Amino acid sequence: MMKNDSSDTITFLGTAGARFMVSRQLAASGGIWLSLHGTEILLDPGPGCIVQYTKRKLDAEKLSAIVVSHRHLDHSADVNVMVEAMTSGGFNRHGRLLAPSDAIDSEPIIFNYLTEFIEGITPLEEGRSYQIGNISLTTPVRHEHPVETYGMVFKTPGHSFSYIADTNYFKGLSRHYANDVVIINMVLTQPRPPIQHLSIPDVERIINEIKPKITILNHFGLHVWQEKPWKIAGELSRNTGQKVIAARDGMKFDLSQLDAG
């Protein structure tokens, strides 16, 4: 559903990453709400999304799509209730769900009866592009994670930005997400094999490889939270010479600030 609006904003409904942060709700875990040139998209609605979006006075009935990077609970637990909210309990059939195949086929993240409430389900695949309203969404590469996982590159008529979802660092990862704004899920302070999540050293390497105008850290694990994400962001800024900020619950980032130079 469209509105006459050329602004591009990213609202963080929650910044918790991984099971302990989510189960204790040390930070919220609601995902990310994208308002892009009149198109509303919900990304990775984890537990509590239904609470966080109402708290931020957003309108679920204006959503055009719900997009899930992978099937883990901290990214998909509120898919069903948000489909209900998006479609007015099924009385206003519209919108789409985009998710990896294993979140649709083997053990679906959406209840069967709710599939009748939306216009369709689209499986995400490596190297594909998708259109949501006037927004282009690309899933450039499959990530290294226990389930099928994709990061994303979003392009609006005025801006573009990248979202690096949960993954191991691997050779070539950065080149798929080169952009002026990069959101990075940073769960760990240090690499912890075989856990397949990005750590502070991984993120520093990605920033040095991409050199974005702004890096936004998100999806913090317990140890990152204990070390204070905003302090880590400051240290990464000093080490890389690039602007790095830590997302906060409820933070709205306006992409138009890039236009000032």
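Since every read-out is calculated from the coordinates, none of them should be taken as a lab result. The structure displayed is predicted, hence computed values, not measured ones. Cβ placement follows ideal geometry from the backbone for every residue including glycine, while neighbour counts extend to all protein chains displayed.
Structure above, values below:
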quantity	calculated
Residue list for region 44-69, filter: on the phi > 0 side of the Ramachandran plot and either touching a residue at least 40 places away in the same chain (Cβ under 8 Å) or touching a Phe, Trp or Tyr at 6+ places or on another chain (Cβ under 9 Å) (or both)	D44
Matching residues in region 176-195 - criterion: being closer than 17 Å to L222 by Cα and either surrounded by 18 or more Cβ atoms within 10 Å (Cβ to Cβ) or among the basic types (K, R) (or both)	I184, N185, M186, V187, L188, T189, R192
Among residues of region 98-147, those that are among the hydroxyl-bearing types (S, T, Y), more than 27 Å from S6 (Cα to Cα) and surrounded by 13 or more Cβ atoms within 10 Å (Cβ to Cβ), counted	1
M86 vs. criteria in contact with a helix residue (DSSP H, G or I) (Cβ under 6 Å, 6 or more places away or on another chain) and in contact (Cβ under 8 Å) with a residue 24 or more places away in the chain	yes
Hits in region 205-261 - residues which are among the aliphatic types (A, V, I, L, M), farther than 25 Å from L34 by Cα and in contact with a Lys or Arg (Cβ under 9 Å, 6 or more places away or on another chain)	L222
Test: residue in region 158-165 that is surrounded by 14 or more Cβ atoms within 10 Å (Cβ to Cβ) and over 28 Å from R205 (Cβ atoms)	yes
Residues within region 226-254 that are surrounded by fewer than 21 Cβ atoms within 10 Å (Cβ to Cβ), hydrophobic (A, V, I, L, M, F, W, C) and touching a residue at least 60 places away in the same chain (Cβ under 8 Å), tallied	2
Count of region 132-150 residues which are in a strand (DSSP E or B) and over 14 Å from the mean Cα position of the chain (by Cα)	4
Condition check for T115: under 20 Å from I32 (Cα atoms), among the hydroxyl-bearing types (S, T, Y) and without any contact (Cβ under 8 Å) to a residue 40 or more places away in the chain	no
Answer residue from region 190-202, given it is touching a strand residue (DSSP E or B) at 6+ places or on another chain (Cβ under 6 Å) and of a type outside the set (G, A, S) and is nearest to D259 (Cα to Cα) among those	H197
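Residue-wise test of (1) surrounded by 15 or more Cβ atoms within 10 Å (Cβ to Cβ); (2) out of contact with any helix residue (DSSP H, G or I) (no Cβ under 8 Å at 6 or more places or on another chain); (3) over 23 Å from P123 (Cβ atoms).
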| residue | (1), (2), (3) |
| --- | --- |
| A18 | yes, no, yes |
| S35 | yes, yes, yes |
| K62 | yes, yes, yes |
| R71 | yes, no, no |
| M82 | yes, no, no |
